[in-house]
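> Once you've had a glance at the structure underneath, I'll fire off some questions.
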Amino acid sequence: MSMNLDVASVDLNYERFRQLRMRLDMSRGKPSPEQLDLSQGLFDAALDEGYRARDGFDCRNYGLASGLPEARELGAELLEVPAAQVIAGGNSSLELMHDALAFALLHGVPVGEAKGQGEGRSAPWRAQGAIAFLCPSPGYDRHFAICEALGVRMIAVPMREDGPDMDAVEALVREDASVKGMWCMPLYSNPTGAIYADEVVRRLAAMPAAAPDFRLFWDDAYRFHHLTDERHATPDVIEACAAAGHAERVLMFASLSKVTFAGGALAWLAASPRNVAWWQRCAAVRTIGPDKLNQLRHVRFVRDRAALEALMARHRALLAPKFAAVDEVFRARLAHVPQVRWNVPRGGYFTSLYAPPGCARRTVELAGEAGLVLTPAGAAFPYGVDSEDSHLRIAPSFPALEEVRLAAEGIAVSLLRALEERGMSVR
Ligand SMILES: Cc1ncc(COP(=O)(O)O)c(C=O)c1O
C-alpha cells in the first residue's frame, strides 16, 4: 500500500483516497501477525518437556476421543464447568457447532427422561419436517452459512445492546415447534459487541419451548477478549438452564483461536452430562481422537486462567489502539452526519457502523473500488439480506495501526460519497 500521503494533514476526500491506491483486505476478523507472535512459544518450547501427558499417555498416538484430560480440565477452569462436562475437540469451535447441528439433524438430541443406558432421543431433526433456527441479527455470517448449508431455515430476530429482543424470541420459541435452535454469542457479540444482560440469559434458560428438543447454540467465542479494564462476564448458562428445569437446553462452544493460533488452537464443547454422552456417541464415529500433541502444547503454554489473562492483556495492548483509532476517525468525520452511528466495543473483534438506510452496499462498493475490501454489506444477516441496507462490519484487528487509521478514513469518505450520490445531507 502506498502510504506516502500524510492523511492527517490533508482534507481527505474520496478521490484522494482512491489515489492512495490502498490494497487492504479488512473483510475478516483475523489476528495480526504481532498477535500470533505472542504465542510463538507454543511451538518453540512447549514440547521440550516431551510428548507424554500427565499420566504417561503418548500423545502421538490414537485415542482419547473426548480430548486429553488436562485439556478438558483447562476448558473446565476457563468455562467454569465440571471437567466431565467438557469435550476438548479439534482446532475449531465452528467445526464443533457444524457437527452438533449435523448430529442433531441425523440422530436427534437427548430429550425427556434418560432411559437406562440409552438417551431418550428426539426424532432426527431432518425427519421432523422443515426446521428453523433463530438468528439474532446482525450476527455471525458463518453461523448463518452452517444453517444455509444444512438446510435449516433462518428466522432473523432483532439484536439489541443487551442481547436479542427477548419478547420476539419468547413468542417464536413458545409458538413454533419447528424452531429447534438459536444462535447466541453472549459476550462481545460478533459484530455488534453486545453483551447479554443477566435477565436475557435467565429468560433464554427459562422460556417455554414448543419443541422439546430446542437447543441454544451458545458460542462463547469472545469470553476472554476484553478491550477495556472491565472483564465483562455473562451468567453461567449451563447452570441457569439446569436451574430452570431445562438441563439439556444449551450447547456451549469456545476455543483458543484468538488466544494462540487462529484455526490451530483447541476448541471445547461444554454441556449437560446427557448432552456430553450424546456428543461422545455421535463423535466416536467421526474421529478416533483429536490432535493431543497440540492439546498438550496448549495446556503447557496457556496453563491456567491467570496465564491466559496475562496473554490476553498483551492481545488487548495490540488491539485496543486499533479500535480507538476507528472511533477517533469516525468521530472526526461522521459524528455530525444524520442517521450514522457506530458502537465502541468493550471486547471482541468488531465494530458495527450503521449508514443511513440504502447506503451500506454502495459504501462497500466504493471502498472496494479504492482498494479497501470490507465485509460484504448484508453478510451479518440471514441469507445476506439486510433489509435496511445499513449495516457495515468493521474488522480492524489484522492491519497495522496506521493502516487501520487510513482504512477508517477511507470507510468514512466512501460512506460520505455514497450519501452524496443519493443527494443526502452529509452535515
Ligand atoms: C463468533 C465466532 N465464533 C466462532 C469463530 C471461529 O472460531 P474457531 O476458530 O474456534 O472456529 C469466530 C471467528 O471469527 C467468531 O467470530
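> Under unit Cβ charges (Lys, Arg +1; Asp, Glu -1), what dipole magnitude, rounded to 20 debye, does the chain have relative to its Cα centre?
With only Lys, Arg, Asp and Glu charged at Cβ, the dipole is about 560 debye.
> Rounded to the nearest 10 degrees, what's the angle between the helix 273-286 long axis and the longest principal axis of the chain, both from Cα atoms, 0 to 90?
Once rounded, one gets 80 degrees.
> Which three semi-axes in whole Å describe the equivalent ellipsoid of the chain, each the square root of 5 times a Cα gyration tensor eigenvalue, listed largest first?
Taking √(5λ) for each Cα gyration eigenvalue gives 38, 28, 17 Å.
> I need Leu296, Leu24 ordered by Cβ neighbour count within 10 Å, fewest first.
Ascending number of Cβ neighbours within 10 Å: Leu24, Leu296.
> I'd like the Karplus ³J(HN,Hα) series for the stretch 25-36: coefficients 6.51, -1.76, 1.60, θ = phi - 60°, whole numbers in Hz, and an x wherever there's a Gly or Pro.
9, 10, 7, 10, x, 9, x, 7, x, 5, 5, 5
> Are there any GluC sites (Glu not before Pro) in the stretch 25-89 that are in a DSSP loop and have at most 16 other Cβ atoms within 10 Å? List them by number. Mind showing how you got there, number by number?
Working: sites: Glu34, Glu49, Glu70, Glu73, Glu77, Glu80; in loops: Glu49, Glu80.
Filter output for the stretch 25-89: Glu49, Glu80.
> What residues have an amide H closer than 5 Å to that of Arg341, excluding those fewer than 5 places away on the same chain, when H is modeled at 1.01 Å from N in the peptide plane?
Here Tyr354 satisfy the definition.
> What share of all Cα pairs of the stretch 69-303, in percent, falls into each consecutive 10 Å distance bin?
Spelled out per bin, shortest first, that is 8, 34, 40, 17, 2.
> Please find the FRET efficiency linking Asp165 to Asp58, where r is the Cβ-Cβ separation and R0 is fixed at 51 Å, and quote it to the nearest 0.05.
0.50
> Of the trypsin sites (Lys or Arg not before Pro) in the stretch 105-170, which ones lie in a loop per DSSP and count no more than 10 other C-beta atoms within 10 Å?
Lys115
> Find how much the distance from Ser425 to Glu388 grows on full extension, using 0.36 nm per residue of separation minus their present alpha carbon separation; answer in nm with one decimal.
Using 0.36 nm per residue and subtracting the Cα-Cα distance, I get 11.5 nm.
> Moving on. With Cβ to Cβ distances under 9 Å as the rule, what net charge do the other residues near Met207 carry (K, R +1; D, E -1)? Could the numbers behind the result be given before it?
Numbers: positive: Arg174, Arg203; negative: Glu170.
Here the count lands on +1.
> What residues qualify as long-range amide H neighbours of Arg215, i.e. H under 5 Å apart, gap of 5 or more or another chain, H built at 1.01 Å from N?
Gly181, Met182
> Identify, among Phe301, Ala168, Pro186, the residue whose Cα sits farthest towards the positive end of the charge dipole of the stretch 69-303, taking +1 on the Cβ of Lys and Arg and -1 on the Cβ of Asp and Glu, with the dipole about the Cα centre.
Of Phe301, Ala168, Pro186, it is Phe301.
> Among Pro338, Val285, Phe350, whose Cα lies farthest out toward the positive end of the dipole of the stretch 278-350, if unit charges sit on the beta carbon of Lys, Arg (+1) and Asp, Glu (-1)?
Val285
> If you don't mind, another one. Cut-off is 10 Å between beta-carbons; in what order do Thr228, Thr351 appear when sorted fewest neighbours first? Walk me through the numbers before you get to the answer.
Values: Thr228 13, Thr351 24.
Ordered from fewest to most neighbouring Cβ atoms within 10 Å, Thr228, Thr351 come out as Thr228, Thr351.
> How far, in degrees from 0 to 90, does helix 141-150 lean away from the longest principal axis of the Cα atoms of the chain, to the nearest 10?
With both axes taken from Cα atoms, the answer is about 50 degrees.
> Just subtract the alpha-carbon distance of Gln339 and Arg231 from 0.36 nm times their residue separation and send over the number in nm, one decimal.
35.8 nm
> Another question, then. Which of the GluC sites (Glu not before Pro) found in the stretch 206-275 are in a DSSP loop and have at most 15 neighbouring Cβ atoms, other than their own, within 10 Å? Each step should come with its number before you reach the end.
Numbers: sites: Glu230, Glu239, Glu248; in loops: Glu230, Glu248.
Counting only loop positions with at most 15 other Cβ atoms within 10 Å, the GluC sites (Glu not before Pro) in the stretch 206-275 are Glu230.
> Separate question: So what J values fall out for the stretch 97-108 if you push phi through Karplus, 6.51 cos²θ - 1.76 cosθ + 1.60 with θ = phi - 60°, rounded to Hz, Gly and Pro as x?
Calculated HN-Hα couplings, in order: 5, 4, 5, 4, 5, 4, 4, 5, 5, 7, 10, x Hz.
> What are the ³J(HN,Hα) values, in whole Hz, obtained from phi via the Karplus relation 6.51 cos²θ - 1.76 cosθ + 1.60 with θ = phi - 60°, for each residue of the stretch 369-386 in sequence order, with x given for Gly and Pro?
Result, rounded to whole Hz: 5, 8, x, 10, 8, 10, 4, x, 4, x, 4, 7, 10, x, 6, x, 10, 9.
> For Ser39, what residues show an amide H to amide H distance below 5 Å, using hydrogens built from the backbone and excluding near sequence neighbours?
Amide H to amide H, under 5 Å and 5 or more residues apart or across chains, Ser39 pairs with nothing.
> Quick one: length gained pulling Ala127 to Asn13 fully straight, 0.36 nm per residue minus the C-alpha distance?
In short, 35.4 nm is gained.
> Using the eigenvalues of the Cα gyration tensor, what equivalent ellipsoid semi-axes result for the stretch 369-427 when each is taken as the square root of five times the eigenvalue, whole Å, largest first?
Rounded to whole Å, the semi-axes are 21, 18, 9.
No lab work stands behind these numbers, since they all come straight from the coordinates. If you're wondering where the values come from, they're calculated on a predicted model, not measured in any experiment. Counting neighbours? That spans all protein chains shown, and the Cβs are built from the backbone with ideal geometry, glycine included.
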